[in-house]
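Accompanying notes for the structure given below.
Please treat every number below as a calculation from the coordinates, not as lab data. Predicted model only: the values in this text are computed from it and were never measured. Don't worry about glycine lacking a Cβ; one is built from the backbone with ideal geometry, like all the others, and counts go over all protein chains shown.
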Amino acid sequence: MELHVLFALFSLLFSVSSANLASLLNSNGLAFFNCFANHSPASTTISSVVYAPFISSYDSIFQNTIQNLRFNSSMTQKPQYIIVPQRPAHVQAAIICSKNHSLQVRIRSGGHDYEGLSYKSKTPFVLIDLVKLRKVKVSLRKATAWVQAGATLGELYYQIAKETSTLGFPAGTCPTIGVGGHISGGGQGSLMRKYGLAADNVVDAILVKADGQIVNRATMD
Ligand SMILES: *[C@@H]1O[C@H](CO)[C@@H](O)[C@H](O)[C@H]1NC(C)=O
Ligand SMILES: *[C@@H]1O[C@H](CO)[C@@H](O)[C@H](O)[C@H]1NC(C)=O
């Protein structure tokens, strides 16, 4: 089975009201939140998508998918903001505003990432946490699937197996790997002799470019 990867690298309820929020942010922070709001769909509740360190749920969101407990420590450099996109437009806004504020970006698919590369950086950065973008949609007729980059391989395999016993996707053997990192790194697995790497079986992808534009195969042709 081939796979379409939806790579659209794509609420915290503030414990403070937005009036309080404004008073807690310095001018840089305020500009970042404003930038994000300006580039997001009007229906967005910003406080459910962007988290600053003084927000009470920031720590739990940050720690949520840290699998190497060495990095679950106060010594780990934390992101200036965590963005938890609920839709692709939030990924676009995150990219545009991080660039505008000269912040690097780390993208976390939530898999095992024992090296912590998806959520640590020595330079000031924004963490885009894909924990809410993990849908898997299988088309048996086309023998393809769209998977959002925040799903794990286990979730992908589970969804395929629920719908068919005759199709599979050639990728790694470890169910806790995040699809985004696995496929963008190649993706070896036990079916590779016959079907190649996971990346060999990607037939389309939706990507957010560095300028914030969304592209896929049709727009790149
Ligand atoms: C990570 O550290 C926090 C305290 O800083 C702790 O509450 C949490 O349980 C730790 N996570 C794990 C998975 O051990
Ligand atoms: C950031 O956004 C502001 C306001 O739109 C704009 O004036 C400025 O040029 C932008 N800076 C960069 C580096 O994109």
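What to note about this one:
- Cysteines in the chain lacking a second Cys C-beta under 4.7 Å: CYS174
- Extended-chain gain in nm, criterion 0.36 nm per residue less alpha-carbon gap, ALA161 and LEU69: 30.0 nm
- The stretch 140-221, relative contact order in percent, only Cα pairs under 8 angstrom and at least six apart counted: 22 percent
- Of the peptides 108-117, 185-194, 132-141, the order by per-residue mean of other Cβ atoms within 10 Å, starting with the highest, comes out as 108-117, 132-141, 185-194.
- Relative intensity, log₁₀ I(q)/I(0), of the chain from a Debye sum that treats every alpha carbon as a point, q = 0.12, 0.14, 0.17 Å⁻¹: -0.66, -0.87, -1.18
- Using all pairs of distinct alpha-carbon atoms, the Kirkwood hydrodynamic radius of the stretch 59-118 works out to 12.7 angstrom.
- Per-pair calculated FRET efficiency, R0 = 25 Å: ALA210 and SER43 via Cβ, rounded to 0.05: 0.45
- Set of lysines with alpha-carbon distance to LYS137 below 30 Å, sequence-local pairs under 8 removed: LYS162, LYS194, LYS209
- In the chain, helical runs assigned H by DSSP with n ≥ 4 each contribute -39500 (n - 2.57); averaged across all residues and rounded to the nearest 500, the mean residue ellipticity at 222 nm is -8000 deg cm²/dmol.
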